1. So, of the residues in the stretch 44-59 that are of a type in the set (A, V, I, L, M, F, W, C) and in contact (Cβ under 8 Å) with a residue 12 or more places away in the chain, which turns out to be surrounded by the fewest Cβ atoms within 10 Å (Cβ to Cβ)?
2. Could you grab me the full set of residues in the stretch 60-73 that are of a type outside the set (D, E, K, R), on the phi < 0 side of the Ramachandran plot and surrounded by fewer than 16 Cβ atoms within 10 Å (Cβ to Cβ)?
3. Is there any pair linking a residue in the stretch 73-88 that is more than 14 Å from ILE53 (Cβ to Cβ) and without any contact (Cβ under 8 Å) to a residue 12 or more places away in the chain to one that is of a type outside the set (Gly, Ala, Ser) and surrounded by 10 or more Cβ atoms within 10 Å (Cβ to Cβ), with Cβ under 8 Å and at least six apart or on different chains, and which?
4. Taking GLU55, is it under 25 Å from PHE16 (Cβ atoms) and modelled with pLDDT of 95 or more?
5. Do any helices (runs of 4 or more DSSP H) entirely within the stretch 1-112 hold 3 or more residues that are more than 16 Å from the chain's Cα centre (by Cα), and if so, which?
6. Taking the residues in the stretch 19-43 that are free of Cβ contacts under 8 Å to residues at least 40 places away in the same chain and exposed (fewer than 14 other Cβ atoms within 10 Å of the Cβ) as candidates, determine which candidate is nearest to PRO88 (Cα to Cα).
7. Would you check if there is a residue in the stretch 106-113 being of a type in the set (Lys, Arg) and farther than 14 Å from VAL38 by Cα?
8. Tell me yes or no: at least one residue of the stretch 131-144 is in a helix (DSSP H, G or I), within 24 Å of GLN67 (Cα to Cα) and more than 13 Å from the chain's Cα centre (by Cα).
Amino acid sequence: MNVNKFETLSRALDEFGEEIESTKQRIQVIAPDCLDNVPTGQGVYWIETTMPIIELQRAISALHNKQKKLRVNPPVGATLIVQDEKNPVIIYSGTEGNIQNRLKQHLFCHGSKKTVKLGCIINQSPFCNYDWFVSFAEVDSYELRYAVESWWRLNKGWPQFCLR
């Protein structure tokens, strides 16, 4: 690919990524039905919480009797998203063909036990003692939603529960 085509593509992705960032919808979640108005179409999503990351890691590990891993070092060119004490922090971002179902898998352990997910149940203790939010945007293209997911992590920060 020549340099001009690459630069044009890169600028277009930057513009599209910033558009998604500025127009994504954000809602608070306390129960599965809070997600009923989230689109069932494809797109990108982000999960935020006020729960301290280390406490969240321990709680998920205890819930599943398996150590939940955290990303310790960001990929080259990215920075890890770190938590301050008072504000919600984005702990996970992803893309899926059905945003609503995927968020229910992550936040309420819906679906198969074999499905890789965040693995918390936010309407049970200790998770319910904290605030939880999701943001999402519909992206009706498989290729573009993966491009936006990667662009966001590289340009906005890498959530600590995102291992790949």
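1. If we take residues in the stretch 44-59 being of a type in the set (A, V, I, L, M, F, W, C) and in contact (Cβ under 8 Å) with a residue 12 or more places away in the chain, then ILE53 is surrounded by the fewest Cβ atoms within 10 Å (Cβ to Cβ).
2. If the condition is that a residue be of a type outside the set (D, E, K, R), on the phi < 0 side of the Ramachandran plot and surrounded by fewer than 16 Cβ atoms within 10 Å (Cβ to Cβ), then SER61, ALA62, HIS64, GLN67, VAL72, ASN73 are the ones that fit.
3. Between residues of the stretch 73-88 that are more than 14 Å from ILE53 (Cβ to Cβ) and without any contact (Cβ under 8 Å) to a residue 12 or more places away in the chain and residues that are of a type outside the set (Gly, Ala, Ser) and surrounded by 10 or more Cβ atoms within 10 Å (Cβ to Cβ), the close pairs are ASN73/LEU80.
4. no
5. Output list reads 3-23, 53-64.
6. SER22
7. Yes, the conditions are met somewhere in the stretch 106-113.
8. We begin by selecting, within the stretch 131-144, every residue in a helix (DSSP H, G or I); these are 142-144.
In the following step, the residues that additionally are within 24 Å of GLN67 (Cα to Cα) were identified as none.
Checking the stretch 131-144: not a single residue is in a helix (DSSP H, G or I), within 24 Å of GLN67 (Cα to Cα) and more than 13 Å from the chain's Cα centre (by Cα).
The values are calculated or read from the model by the stated rules, or taken from the named source; none is laboratory data. Since we're looking at a predicted model, the values are computed, not measured. With ideal geometry, Cβ positions are generated from the backbone for all residues, glycine too; neighbour counts draw on all protein chains shown.
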